[in-house]
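Trainee: Take a look at the following structure, please.
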Amino acid sequence: MTRKKKQEVELSKEEAAEIFQMSVNDFLKKIKDFKIPVSKSGNYSEEVLEKYFQKPEVNSHLSKIIAISNQKGGEGKTTISLFLSEALSLESKVLLVDWDPQANATRLFVNDPERTVFDCLGYRKNEKVSVETAIIRVNSNLHLLPSSLSLANFTTAFERDDFELLKDALLPILSSYDFIIIDCPPSLGLGLENALIAADYILVPVQTRAFSVQGLKDLHETIQKIQQRANPKLKLLGAIFNQYEGNRALAGLSETVKKYFPVFKTNIYRKESIPQAQAKRKMLNACDKDTYRSFLELAKEVRSKINV
Ligand SMILES: Nc1ncnc2c1ncn2[C@@H]1O[C@H](COP(=O)(O)OP(=O)(O)O)[C@@H](O)[C@H]1O
Ligand SMILES: [Mg+2]
């Protein structure tokens, strides 16, 4: 039996010049100098060219994965995930992962996504689709991995690996983004545990009008458990005050939160434009430049805390 020859890829002189990063003239001169063979159609075998020229390093990113978590609903996880992603995407490539079955972040961009993050998990022997095929390109720097109610089925670990399904699903795209922001569900449990095992950092939004000390304590315990057992590199970025109202904030708020988490310098104030932008399905920069500026501040603080 004869083995089938590997499919040959042929490049035109223009394609080759681009791939190996030189001008077409320089390329043709080198072809002549090195006596590189040309095909009948006037093209060049990529395999042969690779022996003579080095491909430049592809511009690769190394994702910093940040889980935006708090098991209470209404703290601002989705809001901060969304507008922090918007602010970071000004200078970096960002993937926003909607990791909540309520799919609030998803609905701001699409009504009924064909494929969602749940399909990328291969949970309980479901067919696993590749994460790239589920991603929606909002713009060149901001992409979304959508969610849907089907994620609500992801509640019980049947196998040990079930704690690492999100981490595994994200592996193929780690070098495609500078930041991966995970908008977590409002519960402790398998979903949150998956997010904290996949993440490098955790950021905790705290709604300052009615925050729950017990809630912060429980979250802190979950984080410690994950750090000790499954993800020692998980770092606490800190708590961020949301719906902040300056002097009207609860007395002792800062001191209490600081017992569990470092607190960001940037506060996100209570602003009507935030729910309004979401109702209009608009990004914040297009609705309220002033409030957007506080997310730019937050993005700057996030970058400085993780040194990027
Ligand atoms: N800083 C803010 N000012 C005004 N409204 C806010 C602010 N942050 C969040 N909201 C609103 O509060 C509600 C809950 O916020 P959300 O981000 O969905 O919380 P979570 O994802 O934690 O459940 C949403 O309607 C959102 O528009
Ligand atoms: Mg939410």
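The values are calculated or read from the model by the stated rules, or taken from the named source; none is laboratory data. Being a predicted model, the structure only gives us computed values, none of them experimental. Because the Cβ atoms are built from the backbone with ideal geometry, glycine has one as well, and the counts that use them run over all protein chains shown.
Trainee: Of all residues in segment 150-188, count the ones that are within 16 Å of ligand 1 (Cβ to nearest atom), at pLDDT 95 or above and out of contact with any Leu (no Cβ under 6 Å at 6 or more places or on another chain).
Mentor: 6
Trainee: Look at segment 216-233 and say how many of its residues are touching a helix residue (DSSP H, G or I) at 6+ places or on another chain (Cβ under 8 Å) and outside any helix (DSSP H, G or I).
Mentor: Counting residues in segment 216-233 that are touching a helix residue (DSSP H, G or I) at 6+ places or on another chain (Cβ under 8 Å) and outside any helix (DSSP H, G or I) gives 2.
Trainee: Name the helices (runs of 4 or more DSSP H) wholly within segment 246-308 that hold at least 2 residues that are at pLDDT 95 or above, out of contact with any strand residue (DSSP E or B) (no Cβ under 8 Å at 6 or more places or on another chain) and not hydroxyl-bearing (Ser, Thr, Tyr)?
Mentor: 273-279, 289-306
Trainee: Taking segment 90-115, which residues are more than 13 Å from ligand 2 (Cβ to nearest atom) and either under 14 Å from the mean Cα position of the chain (by Cα) or acidic (Asp, Glu) (or both)?
Mentor: Hits for segment 90-115 are Glu91, Ser92, Lys93, Val94, Leu95, Asp112, Glu114.
Trainee: Modelled with pLDDT of 95 or more and acidic (Asp, Glu) - does that describe any residue in segment 121-138?
Mentor: For segment 121-138, residues modelled with pLDDT of 95 or more and acidic (Asp, Glu): present.
Trainee: Regarding Leu236, is this residue part of a strand (DSSP E or B) and on the phi < 0 side of the Ramachandran plot?
Mentor: It is true that Leu236 is part of a strand (DSSP E or B) and on the phi < 0 side of the Ramachandran plot.
Trainee: Looking only at helices (runs of 4 or more DSSP H) that fall completely inside segment 90-178, which ones have 1 or more residues that are free of Cβ contacts under 8 Å to residues at least 40 places away in the same chain and more than 25 Å from Met283 (Cα to Cα)?
Mentor: Output list reads 165-170.
Trainee: When you check Ser39 against the structure, is it away from ligand 1 (no atom under 16 Å from the Cβ) and over 25 Å from Thr155 (Cβ atoms), yes or no?
Mentor: yes
Trainee: Within segment 56-71, is even one residue in the same structural domain as Asn141 (by TED's automatic domain parsing), at negative phi, among the charged types (D, E, K, R) and in a loop (DSSP other than H, G, I, E, B)?
Mentor: No.
Trainee: When only residues in segment 73-89 that are in a loop (DSSP other than H, G, I, E, B) and either near ligand 1 (Cβ under 6 Å from one of its atoms) or of a type in the set (D, E, K, R) (or both) count, which is nearest to the chain's Cα centre (by Cα)?
Mentor: Filtering first and then ranking leaves Gly76.
Trainee: Let me ask something else about it. Please go through segment 179-210 and pick out each residue that is assigned to a loop (DSSP other than H, G, I, E, B) and within 16 Å of ligand 2 (Cβ to nearest atom).
Mentor: If the condition is that a residue be assigned to a loop (DSSP other than H, G, I, E, B) and within 16 Å of ligand 2 (Cβ to nearest atom), then Cys184, Pro185, Pro186, Ser187, Leu188, Gly189 are the ones that fit.
Trainee: Return the residues of segment 123-147 that are surrounded by 15 or more Cβ atoms within 10 Å (Cβ to Cβ) and out of contact with any strand residue (DSSP E or B) (no Cβ under 9 Å at 6 or more places or on another chain); say none if nothing qualifies.
Mentor: Tyr123, Val129
Trainee: Right, next: For segment 36-56, indicate whether the set of residues that are within 16 Å of ligand 2 (Cβ to nearest atom) and hydrophobic (A, V, I, L, M, F, W, C) is non-empty.
Mentor: For segment 36-56, residues within 16 Å of ligand 2 (Cβ to nearest atom) and hydrophobic (A, V, I, L, M, F, W, C): absent.
Trainee: Going through segment 93-139 one residue at a time, which ones are in contact with a His (Cβ under 8 Å, 6 or more places away or on another chain) and away from ligand 1 (no atom under 16 Å from the Cβ)?
Mentor: Across segment 93-139, the qualifying residues are Lys93, Val94, Leu95, Ile135, Ile136, Arg137.
Trainee: Going through Leu250, Leu284, Leu296 one at a time, which residue ends up being surrounded by fewer than 16 Cβ atoms within 10 Å (Cβ to Cβ), over 15 Å from Leu203 (Cα atoms) and in the same structural domain as Ile80 (by TED's automatic domain parsing)?
Mentor: It is Leu250.
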